[in-house]
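The values are calculated or read from the model by the stated rules, or taken from the named source; none is laboratory data. Keep in mind it's a predicted model, so treat the numbers as computed, not measured. Quick reminder, even Gly has a Cβ in these numbers, built from the backbone with ideal geometry, and neighbours come from all protein chains shown.
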Amino acid sequence: MPSTFSLPASRTEVVLEEIRRGILTTELKPGQPLVEAELAARLGVSKTPVREALKVLSNTGLVTFSPYKGASVCVVDAELAKSVYDVRMVLEPEAVRRSVERRSPDLLEDAAEALKEASAAISDKDQAALSLLNRRFHRALYSGCGNPLMVSILDDLRDRAALISVVGWAANPSWRREWAEHKAVLAAAKKGDADGAAGLLRAHIGDFQDRILETIGDE
């Protein structure tokens, strides 16, 4: 009989999520130094879990390390935005198309729940929650594609894409527009319209890419 017992999150995981949330709410601003001792004091932990969390966030693209300056919050520029969205434009619509063809009701339910929670987060103007729900919505739609490598590549972009979204929203809070676009993608997926869902998602990703490059400058 499978156990329903779940282990509590480790201290490093808790610290990691707190730092991630700080970055995605811009409480920790792009380019801001991340001093281990200061973060440890603020979070009431030793420097060890902070150091481990910063290493993980460096791998996911939220934190950068400099040989002379140490850790800091990643700065979003046009090159980063182009790189992330170019990969998403190539892989994610195809992954969603395959997921819809394979029909995964549980994943569609998760996407619908994320969309519902996002509506409340929009009303509350909870930027961090919106960013995390946006990630959850997209992953629910692409993770059933049947190609673990494709899923892994898209998963690796999630933190970078979330940070880019936060920068875009700061200049142009287009949450309601994106929510409506998500709703249309989900409706097509629920109908089993794989090509339609993929096409709508491609337009959604492309439109946001255009907006973010306009915001930060297409250098």
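Details
- Taking segment 162-182 as the range and being farther than 16 Å from Phe137 by Cβ, of a type outside the set (A, V, I, L, M, F, W, C) and part of a helix (DSSP H, G or I) as the test, only Gly168 passes.
- Residue in segment 91-101 that is small (Gly, Ala, Ser) and farther than 24 Å from Asn147 by Cβ present: no
- Residue list for segment 29-47, restricted to those being farther than 17 Å from Ser72 by Cβ and either in a loop (DSSP other than H, G, I, E, B) or within 26 Å of the chain's Cα centre (by Cα) (or both): Leu43, Gly44, Val45, Ser46
- Looking across Asp159, Asp195, one residue alone is assigned by TED's automatic domain parsing to the domain that holds Arg97, crowded, with 20+ Cβ neighbours inside 10 Å, of a type in the set (Asp, Glu) and part of a helix (DSSP H, G or I). It is Asp159.
- Count - residues of segment 163-177 that are within 12 Å of the chain's Cα centre (by Cα) and buried (at least 22 other Cβ atoms within 10 Å of the Cβ): 3
- The residue pairs whose first member lies in segment 82-93 and is part of a helix (DSSP H, G or I), whose second member is polar (S, T, N, Q), and whose beta carbons are closer than 8 Å, counting only pairs six or more residues apart or on different chains, are Lys82/Gln209; Tyr85/Gln209; Met89/Gln209.
- Condition check for Val15 on (1) within 16 Å of the chain's Cα centre (by Cα); (2) part of a helix (DSSP H, G or I); (3) farther than 30 Å from Gly199 by Cβ: one failure, at (1).
- Selection within segment 94-125 - part of a helix (DSSP H, G or I), of a type in the set (Lys, Arg) and surrounded by fewer than 20 Cβ atoms within 10 Å (Cβ to Cβ): Arg98, Arg102, Lys116
- Only one of Ala40, Ala78, Ala71, Ala95 that is over 30 Å from Ala188 (Cβ atoms), aliphatic (A, V, I, L, M) and touching a Phe, Trp or Tyr at 6+ places or on another chain (Cβ under 9 Å): Ala71
- Selection from segment 56-81 of residues that are aliphatic (A, V, I, L, M), crowded, with 20+ Cβ neighbours inside 10 Å and not in a helix (DSSP H, G or I): Leu62, Val63, Ala71, Val73, Val76
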